[in-house]
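Novice: Next up is a structure, given as structure tokens.
The values are calculated or read from the model by the stated rules, or taken from the named source; none is laboratory data. For clarity, every value in this text was computed on a predicted model and none was experimentally measured. Here the Cβ positions follow ideal geometry from the backbone for every residue, glycine too, while neighbour counts run over all protein chains shown.
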Amino acid sequence: MANFIKFIGAGLGFAMGGPLGALLGMFVGSMFDGDTKTVHTVNGRPGGRSTGRGDFMFSLTVLATAMMKADGKITRSELNYVKAFLIQNFGKEATNQALAIIKELSTKEIQLKGVCAQIRENMPMPLRLQLLYFLFGIAQADGEVCAAEIRLIEEIARDLGIPASTYESIKSMYYKAVDSAYTILEITPNATDEEVKKAYRKMAVANHPDKVGYLGEDVRKAADEKFAAINAAYEKIKKQRGMI
């Protein structure tokens, strides 16, 4: 129980209530030989505090579990992919706790729309974007993002309140189409040079690592990688156009 508290408990805020709180209660209850445990809301509602590291990591773990369950079963290869992904981004100790949560929730029904609605109402957009980045990373762990995974991620993105253009931007970071650099910046090849610059500035502000850095170095590191992809897309367009 001490490890669980270290992993999530100290950083929980809005996830103590709502659909996420119900799932958390199932997991905590399982640690006490099936005894029922109540996870209380903050100030009587799901929200009440800013998003903590625990909120972010638990949200990610629940969404990852839902993704793996999408085809009706969780395979060993999927677990290995997720384990490798989590270790790379969060470390071994946090990964062990996340896998324990995944194991428990794999047999439970996840009200995905409710979970996404709770996240949307309580988590700022920069963090929601990071969740989407992580989900694409998990889906691509085996070297290919299948159609079923794309459909689920698209549904999650919509329920998280992420604009369609932003979803396509993130998707383009994993699908290198001819015009992917433009899609990453949420513009078309017909955009003027000034529109390209404006789009880059907008994306740079929305995805700057400083907006998520308070959740820890591992989350910031992942944000740095996506910020680098945005910069790379901009530099590619500038080079193609001869922009200064």
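Novice: Being within 17 Å of Leu132 (Cα to Cα) and in contact with a helix residue (DSSP H, G or I) (Cβ under 7 Å, 6 or more places away or on another chain): is that true of Ser172 here?
Specialist: Taking the combined requirement at face value, the residue satisfies it.
Novice: Same structure, new question: Surrounded by 15 or more Cβ atoms within 10 Å (Cβ to Cβ) and not in a loop (DSSP other than H, G, I, E, B): does that describe Glu195?
Specialist: Spelling it out, it is not the case that Glu195 is surrounded by 15 or more Cβ atoms within 10 Å (Cβ to Cβ) and not in a loop (DSSP other than H, G, I, E, B).
Novice: May I ask you to verify whether Ala141 is among the small types (Gly, Ala, Ser), assigned to a loop (DSSP other than H, G, I, E, B) and surrounded by 14 or more Cβ atoms within 10 Å (Cβ to Cβ)?
Specialist: So Ala141 fits the description; yes.
Novice: Name the residue, out of Pro19, Pro46, that is under 21 Å from Met123 (Cα atoms), modelled with pLDDT of 85 or more and not acidic (Asp, Glu).
Specialist: Only one candidate qualifies: Pro19.
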